[in-house]
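Since the structure comes first, as structure tokens, the remarks are kept for the end.
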Amino acid sequence: DAMVIQNPRYQVTQFGKPVTLSCSQTLNHNVMYWYQQKSSQAPKLLFHYYDKDFNNEADTPDNFQSRRPNTSFCFLDIRSPGLGDAAMYLCATSRDRGLEADTQYFGPGTRLTVL
Amino acid sequence: QKEVEQDPGPLSVPEGAIVSLNCTYSNSAFQYFMWYRQYSRKGPELLMYTYSSGNKEDGRFTAQVDKSSKYISLFIRDSQPSDSATYLCAMRRVKAAGNKLTFGGGTRVLVKP
């Protein structure tokens, strides 16, 4: 009964080689988020989708892009990974935006290694 | 100064002890408060969710919110080695854009058998 699924769990890429991380959800939630989490740090929000409406955080580098082709799936594209992009990437969902009693549910994460 | 402060630990306790965790925050607009547990190399898992001030209990876990002091706590009773993890506090404003959460940096907890 997995709810937020991320693939792959571990990804190794080379410096500068584009990589795509995948997230899917069975919760039918409207909002999907991508976070970057480095070792011993809090998750850092990169962007979120409310339905098809894309919302970028002001400090998210242009190197990071996202696509949401339908309600269930969301992708994180890193166009030219640098060594500093090695991190855990977390996908999360929430039911809707602005609901008072709502919070975020996280997937297991994809650990990205850049060689 | 960070909006949410959390002692990184590690906090080491013997099995069966009470684990006491806390966060302080500066933004009085925060109204919703959460605690997440994160095992090594896994995603955060929601443990407790509270609104405004007060206490909430769920099994061995008790969450407390003191908005007047801008201070939240999580207590774990009868701690088990399986409680060893990093605990993240998170909070958000009412009608925050995209339900955006502000996280503390996490406290690493070690429960020794």
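For every residue, the table says whether it meets (1) modelled with pLDDT of 95 or more; (2) under 22 Å from residue B:36 (Cα atoms); (3) surrounded by 17 or more Cβ atoms within 10 Å (Cβ to Cβ).
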site: A:18; (1), (2), (3): yes, no, no
site: A:22; (1), (2), (3): yes, no, no
site: A:25; (1), (2), (3): yes, yes, yes
site: A:29; (1), (2), (3): no, yes, yes
site: A:36; (1), (2), (3): yes, yes, yes
site: A:39; (1), (2), (3): no, yes, no
site: A:42; (1), (2), (3): no, yes, yes
site: A:45; (1), (2), (3): no, yes, yes
site: A:51; (1), (2), (3): no, no, no
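Considering only segment B:82-113, how many residues are open to solvent by 50 Å² or more (accessible area, probe 1.4 Å), more than 20 Å from residue A:33 (Cα to Cα) and more than 9 Å from chain A (Cβ to nearest Cβ)?
The qualifying residues number 4.
Would you tally the residues in segment B:47-81 being touching a Cys at 6+ places or on another chain (Cβ under 8 Å) and open to solvent by 20 Å² or more (accessible area, probe 1.4 Å)?
1
Within the group A:108, A:8, which residue is within 15 Å of the chain's Cα centre (by Cα) and surrounded by fewer than 18 Cβ atoms within 10 Å (Cβ to Cβ)?
Values: A:108 fails: surrounded by fewer than 18 Cβ atoms within 10 Å (Cβ to Cβ).
On inspection, the qualifying residue turns out to be A:8.
Mind listing just one residue for me: the one in segment B:56-102 that is within 13 Å of the chain's Cα centre (by Cα) and of a type in the set (S, T, N, Q) and, of those, modelled with the lowest pLDDT?
B:102
For segment A:66-87, state whether one or more residues are touching a residue at least 60 places away in the same chain (Cβ under 8 Å), surrounded by 12 or more Cβ atoms within 10 Å (Cβ to Cβ) and closer than 20 Å to residue B:36 by Cα.
no
So residue B:105 ticks every box in (1) part of a strand (DSSP E or B); (2) under 11 Å from the mean Cα position of the chain (by Cα) but one. Which box is left unticked?
Failing condition for residue B:105: (1).
Tally time: how many residues in segment A:11-36 are of a type in the set (Val, Ile, Thr) and under 15 Å from the mean Cα position of the chain (by Cα)? Steps first, please.
Initially, segment A:11-36 is screened for residues of a type in the set (Val, Ile, Thr), giving A:12-13, A:19-20, A:26, A:31.
Then drop every residue that is not under 15 Å from the mean Cα position of the chain (by Cα), which leaves A:19-20, A:31.
So the answer is 3.
What strands (runs of 3 or more DSSP E), lying completely within segment A:1-92, carry at least 1 residues that are within 11 Å of another protein chain (Cβ to nearest Cβ) and closer than 30 Å to residue B:2 by Cα? Write out each step before concluding.
Details: elements: A:4-7, A:10-13, A:19-25, A:31-37, A:44-50, A:53-56, A:64-67, A:73-78.
Output list reads A:4-7, A:19-25, A:31-37, A:44-50, A:53-56.
The values are calculated or read from the model by the stated rules, or taken from the named source; none is laboratory data. Keep in mind that what you see is a predicted model, and the values were worked out from it rather than measured. Virtual Cβ from ideal backbone geometry, glycine too; neighbours counted across all protein chains shown. To get the accessible areas, we keep the full protein, side chains included, count just its heavy atoms, and leave off ligands, DNA and RNA. Shrake-Rupley method; radii C 1.70, N 1.55, O 1.52, S 1.80 Å.
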